[in-house]
Amino acid sequence: MNGYGRPPFQQQQQQPFPGFRPGYQQPMHQQQQPGYRPSPTMMHQQPLPRPAFSPAQRPQQLPPQAFAPRPGMVPPGARPPAPQPINGTPFQQQPQQQRPPQSPMTNTMPPRPLAGPGQPPSPMRPPMGYQQAGPLPTPGMAPSPQGIQPSPQAAGLPPMQQPPQPSPMQQPQQQQQQQQQQNPVQPQPGLQQPGQQQPLVQQQTPIASANQATTPEQQQPDQQQQQGDQAHQQRRKRMYPKQVFMEDTNASGNFAAPVSAAATPAYPQMQQPQQLQQPQQPQQPQFMSPMGAAPTYPGSQQPAQQPAAHPQAIQSMTNQMGQMNLGGAPAQPMPSVSLMGAPPPVNELVNLCPPIRLPQNVSITNSPFANCDESYKCCTVNAIPNTEALLKKSRLPFALVLAPYRSLDDNEEPVPVVSDSVISRCRRCRTYINPFVTFVEGGQRWKCNMCFLLNDVPAAFDYDAHSQKQTDRWKRPELNYGTVEFVAPTEYMVRPPQAPAFVFVLDVSYSAVQSGMLATAARTLLDTLERIPNDENRTSIGIITVDSALHFYNFDDSLEDPQMLVVADVEDIDAVKVLLEKLPDMFRDTTNVNNALGPALQAAHKMLAPYGGKIICLQSTLPNIGTGALKSREDVKLLGTPKESTLLNPASPFYKSFAVDCSRSQIACDMLIFGGQYADVATLSCLPHYTGGQTYYYPGFNASRTEDALKFAHEFSELLSEQIGLEAVIRIRASRGLRMNAFHGNFFIRSTDLLALPNVPRDQNYCVEVVIEDDLKTPTVCFQTALLHTSCTGERRIRVVTLCLPVSNSIPELYANINPKAMISYLANKAVERALSSKLDDARDAVVNKLVDLLGVYKAHVLGSAQGSTPQLTIPENLKLLPLLALALIKHDGLRQSSQIPTDMRANAMNLLRTMPLQLLIPYLHANFYSLHNMPPEAGELTEQGLVFPPVLNLTAERIEAHGCYLLENGQHIYLWVGRGVVPQLCMDLFDAANYEALRGGKYTLPVLDTPLNRKVNLLIGKIREMRRGDYYPTLYLVKEDGDPYLKIWFLSHLIEDRTENVMSYQQFLQFIKDRVGSGSF
């Protein structure tokens, strides 16, 4: 107890309100699903006891009654119920196409696809709690001598950590094996079980499966008997999901006497786990591959596809299994969850993306980095539909989300660089060599993974020019990393790399001077001159000041004061410093309220056009003179109406046409807009939108407030020191049958698939829609993004980002592999596009309609529910937070229906939705909410894993106590909510204030005190400001419960689970979606 709240309230606060358990998932046996019966292997039921055989006297054959099912016992998934014995009469032999009667002792189940590694088993497909050690016993046939053995999974332990103590059923087997060691039997070829001796026991001749290869040894009856008995006599070792699946598939073909997959020489790839780490024999004897039989590194792609060496066997097995998909992604039985009546588990927002499950050995190396990290590129679905018809039927959006030039965290390794200028590309599609190509003809040629053309390997590919020696090609970065950079040779250059050049256009009108913007900008620029990228003193800068006229300056050393501007080398740093120091005083007494931004931009363009560069414009007054003059058009009466979209589109065509001219000249433009009054952000943001720049908006800026000055100075300084890319183009290639269709982001589309970016800022997001033109015949597809740019150091480089995804023909698999983060980024881009082209109502409806389509298709084609209302809204587990994020999107400042959101603020919010990377976008939509007055003792403390944050709360006012103190942050703003009943001791310890009445609301700077609570909260705020990528510096606001009404409404608008204005609450939204899903046809 920290003394900051009443003890009864604290005890009640620790317990969530009734009916809510964080992360709680309703057991599947309690969900009302048509035709579902709980499995005996579930946790709420204990498995049936095994018969207590005596080790001394082991029965050779059990009576038929021992294998009869209990009355009323129907195994889940069995179509016809097993026939019951009448008066002890043994069962008749069942036809081969029917299922045999189930035994209550073995608890066997029909063969079904297993869950992938790390995935929970499907309720309709129970886990392999017990694995058969031999063929299923039937009346008139002796059971397997080995009996029934539990699998490691049944004991609840990892497969390799199972305790070695034998069970009562295993003791006789061990004694028998000890006796058999005296009379060893030569193992059969193809059974790789060293050190094990197998007995020769006569058994019925097994029936070979149709998909097994026949060898001369298998044609002999005696050896067939030995093989069938030896495979079941030995104790099974741990098997990967693929091996267990092959066992059950082979066993499902013949119920009389199935042949174990471990004893089938037709599948040499399926070996024991101890052998999986050994390298495979390559196809070409003279060319060795470093690939093992299966990757064993953490985070590797698990095997999910049958070996490619046996296509006929794979096809036969696929036909036998019916709806099971054996190609590409594995059939993942994603469990379903019910959303109605329970709060969303917001603590799981950080782990939303399902893993990518690729077939075995799809990459030529065992590197865990063969696929690019999702922060560089990800897809809305991690399993691609194989046809356009399937994509339309699933109604899934198919798009890529890119951030190819993102910044690196302190604990991240830099992108590997290939500096030997050996770049191997496909002759047809121009794809760069990557980890998913295939070497053929002894490694002399490689097959493109996009168009499958054979290409020659460069002669210098295996040669190090620096050491003059042969090198190991398998250590080359382009074969081990999905994200890599090449140092481009001269053929990738239209002209030599140009030096960075910056021209600053500074507003010196009356509002810029009075608000303190000019003085703060001059001081920040003066302090940041040393941080501007300037390798080898090549960087040039220029300054233009503008009000109703343009002011140029000369930095000649022979002059005491700067006079007229020329593009000067930064070596003349002293002259620049003199100008920046005198600049605020030069316009201190100005009364000019006009601004000629258009002519100033044209002058800057003429200065930079010969060699390209960057224009950084700081604007405080609405341009009202000369070219590009604007008028105030904000109309309060239009806010919140269908006509509001007209205010969000550019008012003048000059800025778009000027941006296109800048793009042709390799000139980018960044806008920093200070809004003391209407600034027309929608029009001015056209410049960064088409030139690859960024827009920063500071509403109500006043440098006299420390919070405003700190935010602007930090973001402006980070913008100047950013290691940007210049003269860049982006092209995205994909496998045959796929095509890039639409592009979203800040760039100019030069051709159908070439994006021109004069400036590539760090941590900017791009979204690309993809269409399927032809059916996909391969088990995987690849997407490769090539970013050709000039670094600040003057090197021409190519950053290549490669992503490989499996192909699926199953709607359940597609829905089990949806990436909700990429999905919400795509929806945000489409919603902003719809809002600008139509109206805000249409944008919100588009988000809701897409969510209804997804849940409707899932209900109809995955759950198999008929049309009509259902008591629950069921959704796959990986999408359980997608409705919450969709609600957060339509309640966001960029799209929310409200008449209280100024046009400039809404336009800026739309710009952020389009350009934010995923790491920033998710908290920007769904803020993080913490309780400070009753934090756990470890919260706010530094540990080896970093700073510990308090538990995340749901965004609802039900979590707010009258005497509590809370922190809410969304990456752009930080709010400290203080209830009116807060105890004075908390005010003293945290704010250094006597009581609640002594607190001042609004923008706030938290003092630094020598108290535990103040120290923890200051650490939390500091960590929030630095833990994410980007230049943004969140401003801190102190919100009192009875303070500024506008500030209070602004804070409460982030509590998206509550009803606000005309927007539904979270539970109302779920009910609305459920009604739409029940009434629709999918």
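How large is the Kirkwood hydrodynamic radius of region 501-723, counting all unique pairs of alpha carbons, in Å? Show your work: numbers first, answer last.
Working: mean 1/r = 0.0562 Å⁻¹.
Evaluated on region 501-723, it is 17.8 Å.
How much length, in nm to one decimal, is gained on full extension between ASP462 and GLU1026, taken as 0.36 nm per residue of separation minus their Cα-Cα distance? Please report the intermediate quantities before stating the final value.
Numbers: separation 564, 0.36 × 564 = 203.04 nm, distance 4.26 nm.
Stretched fully, the ASP462-GLU1026 segment lengthens by 198.8 nm.
Whole-Hz Karplus ³J(HN,Hα) for region 433-439, in order, using 6.51 cos²θ - 1.76 cosθ + 1.60 and θ = phi - 60°, x for Gly and Pro?
My calculation for region 433-439 gives 4, 8, x, 10, 7, 10, 8 Hz in order.
For region 501-723, give the share of DSSP beta bridges that are antiparallel, in percent and rounded to the nearest 5; count only bridges with both residues there. Don't skip to the answer; put the middle values down first.
On the way: 5 of 29 bridges.
Taking every DSSP beta bridge within region 501-723, about 15 percent pair in antiparallel fashion.
Can you work out the PRE-style zone for ASN849? Point 7 Å along Cα to Cβ, and I want the residues of region 641-666 with backbone N under 18 Å.
Output list for this probe position: 642.
Just grab the label-to-label distance for LYS1048 and ASP589, each label 7 Å out from Cα along the Cβ direction, in nm (one decimal).
4.7 nm
Using unit Cβ charges (K, R positive; D, E negative) and no other charged atoms, how large, in debye to the nearest 20, is the dipole of region 947-1082 about its Cα centre?
Numbers: 15 positive and 16 negative charges, 77 e Å.
The calculated dipole for region 947-1082 is roughly 360 debye.
Based on the alpha-carbon gyration tensor of region 574-657, what equivalent-ellipsoid semi-axes (square roots of 5 times the eigenvalues) come out, in whole Å, largest first? Could the numbers behind the result be given before it?
Working: eigenvalues 197, 76, 25 Å².
In descending order, the three semi-axes are 31, 19, 11 Å.
Over region 501-723, give the accessible area per residue in Å² for a 1.4 Å probe, as an integer. Each step should come with its number before you reach the end.
Numbers: 8640 Å² over 223 residues.
Result: 39 Å² per residue.
Please compute one quarter of the surface area of the Cα convex hull for region 927-1055 and express it in square nanometres. If you can, show how the numbers build up before the last one.
Numbers: hull surface 30.8 nm².
Here the figure is 7.7 nm², rounded to one decimal.
Please compare each pair in LYS393/LYS447; LYS392/LYS1074; LYS891/LYS1003 to a cut-off of 29 Å on the Cα-Cα distance and tell me which ones are over it. It would help to have the intermediate numbers written out before the result.
Details: LYS393/LYS447 33 Å; LYS392/LYS1074 22 Å; LYS891/LYS1003 24 Å.
Violating the 29 Å Cα-Cα cut-off are LYS393/LYS447.
Of LEU526, SER632, GLN677, which is farthest along the charge dipole of region 501-723 in the positive direction, counting Lys and Arg as +1 and Asp and Glu as -1 at C-beta?
Final value for the positive-end residue is SER632.
Once you place label points 7 Å from the Cα toward the Cβ at SER721 and ASP527, how far apart are they in nm?
1.0 nm
What is the extension gain from LEU1019 to ARG1000, computed as 0.36 nm multiplied by their sequence separation minus the C-alpha to C-alpha distance, in nm to one decimal? Walk me through the numbers on the way to the answer.
Details: separation 19, 0.36 × 19 = 6.84 nm, distance 2.17 nm.
Extra length from LEU1019 to ARG1000 when fully extended: 4.7 nm.
Say the dipole of region 850-946 comes from +1 at the beta carbon of Lys and Arg and -1 at that of Asp and Glu; which of THR915, LEU881, GLN867 then lies farthest toward its positive end?
GLN867
For the pair ASP1010 and LYS643, how long in nm is the line joining their label points, each one 7 Å along Cα→Cβ?
It works out to 6.4 nm between the two label points.
Please report the antiparallel percentage of DSSP beta bridges with both residues in region 927-1055, rounded to the nearest 5.
On the way: 13 of 19 bridges.
Counting DSSP beta bridges with both partners in region 927-1055, the antiparallel share is about 70 percent.
Positive end of the charge dipole of region 424-474 (Lys, Arg +1 and Asp, Glu -1 on Cβ, about the Cα centre): tell me which of VAL440, HIS466, PHE452 has its Cα farthest that way.
PHE452
Which FRET efficiency value, to the nearest 0.05, is calculated for ASP775 and LEU453 with the Förster distance at 22 angstrom and r the Cβ-Cβ distance? The partial results should precede the final answer.
On the way: r = 20 Å, r/R0 = 0.90.
The calculated FRET efficiency here is 0.65.
First measure r as the distance between the Cβ atoms of PHE1072 and GLN444, then evaluate 1/(1 + (r/R0)^6) with R0 = 56 Å and state the FRET efficiency to the nearest 0.05. Intermediate values should be presented prior to the final figure.
Numbers: r = 62 Å, r/R0 = 1.11.
Efficiency computed from Cβ-Cβ geometry: 0.35.
What FRET efficiency comes out for the pair VAL417/SER838, r = Cβ-Cβ distance, R0 = 45 Å, nearest 0.05?
0.50
So, with +1 on the Cβ of K and R and -1 on the Cβ of D and E, and no other charges, what is the size of the charge dipole of region 501-723 about its Cα centre, to the nearest 20 debye? Please list the in-between numbers first.
Details: 16 positive and 28 negative charges, 223 e Å.
Dipole about the Cα centre, nearest 20: 1080 debye.
Which of the aspartates and glutamates could a cross-linker bridge to LYS643, judged by Cα under 20 Å and excluding same-chain residues fewer than eight apart?
Straight-distance partners of LYS643: GLU634, ASP635, ASP680, GLU833, ASP841, ASP842, ASP845, ASP893, ASP904, GLU1061.
The values are calculated or read from the model by the stated rules, or taken from the named source; none is laboratory data. Quick caveat: nothing in here was measured; it's all calculated off a predicted structure. When we count neighbours, we look across all protein chains shown, and the Cβ atoms used for this are built from the backbone with ideal geometry, even at glycine. Surface accessibility is based on the protein's heavy atoms, side chains included, excluding ligands, DNA and RNA. Shrake-Rupley method; radii C 1.70, N 1.55, O 1.52, S 1.80 Å.
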